[in-house]
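What follows is a single structure, written as structure tokens, with notes after it.
The values are calculated or read from the model by the stated rules, or taken from the named source; none is laboratory data. Not measured: the values here are computed from a predicted model. Here the Cβ is made from the backbone with ideal geometry for all residues, glycine too, and neighbour counts use every protein chain on show.
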Amino acid sequence: MAEYREARSVLLFLNFRTEVETTALAEDVLARGKILVIPRCTVQCAFIPAIVRDLTQDVALGTWGIREPRAETTEEIDPRQIDLAIVPGVAFDMYGRRVGYGAGYYDRFLPLLRPEVPLLAAAFECQLLAEVPTEEHDRRIHCLITEDRVIRCAAEHL
């Protein structure tokens, strides 16, 4: 995808439980010489974007049992330096609406990105619903990538 090819820095989640496997994509980001940014989430609901240079050395199980950057081996990056964001979710619709796990980490973080940063989601077809309820603060994604297709979310509803 052009959004991926052109990005110098990529915010990516490391999969948890039954989410789409993202480790190979994280390795590809590093292999292409891009900056890999992985979130570290705190109990206080802080979302800290950190640069990961080595998935073995820089990543460990975090607060919620999710793989995330080690504080002692990674550095924080300014959200305005991120060129592409690939986000997780529980459910999505064709209009770019997403439901997360309910803590609001991404809802609070995504507005800190530059407005033109593409927001993509990696999901399974079974996570697609006809309509996902949203609240005023929710940021919609621009593109949804499943095992079967790439969905450019309907712009008239963004």
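Quickly run through the stretch 62-112 and pick out the residues that are in a loop (DSSP other than H, G, I, E, B), farther than 15 Å from PHE13 by Cα, out of contact with any Asp or Glu (no Cβ under 6 Å at 6 or more places or on another chain) and not aliphatic (A, V, I, L, M).
Those that are in a loop (DSSP other than H, G, I, E, B), farther than 15 Å from PHE13 by Cα, out of contact with any Asp or Glu (no Cβ under 6 Å at 6 or more places or on another chain) and not aliphatic (A, V, I, L, M): GLU72, ASP78, TYR95, GLY96, ARG97, GLY102.
Step by step: first the residues of the stretch 28-51, then only those that are out of contact with any strand residue (DSSP E or B) (no Cβ under 6 Å at 6 or more places or on another chain), at pLDDT 95 or above and not small (Gly, Ala, Ser), then the one that is farthest from LEU11 (Cα to Cα). Which residue is that?
ARG32
Determine whether the stretch 30-42 contains at least one residue that is at negative phi, surrounded by fewer than 16 Cβ atoms within 10 Å (Cβ to Cβ), in a strand (DSSP E or B) and without any contact (Cβ under 8 Å) to a residue 40 or more places away in the chain.
Looking through the stretch 30-42, none of the residues is at negative phi, surrounded by fewer than 16 Cβ atoms within 10 Å (Cβ to Cβ), in a strand (DSSP E or B) and without any contact (Cβ under 8 Å) to a residue 40 or more places away in the chain.
Kindly check whether there is at least one residue in the stretch 132-144 that is of a type outside the set (Lys, Arg), within 20 Å of THR18 (Cα to Cα) and within 16 Å of the chain's Cα centre (by Cα).
yes
Okay, residues lined up against (1) within 17 Å of PRO79 (Cα to Cα); (2) of a type in the set (Gly, Ala, Ser); (3) out of contact with any Lys or Arg (no Cβ under 8 Å at 6 or more places or on another chain):
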| site | (1), (2), (3) |
| --- | --- |
| ARG5 | no, no, yes |
| ARG8 | yes, no, no |
| ALA24 | no, yes, yes |
| GLU27 | no, no, yes |
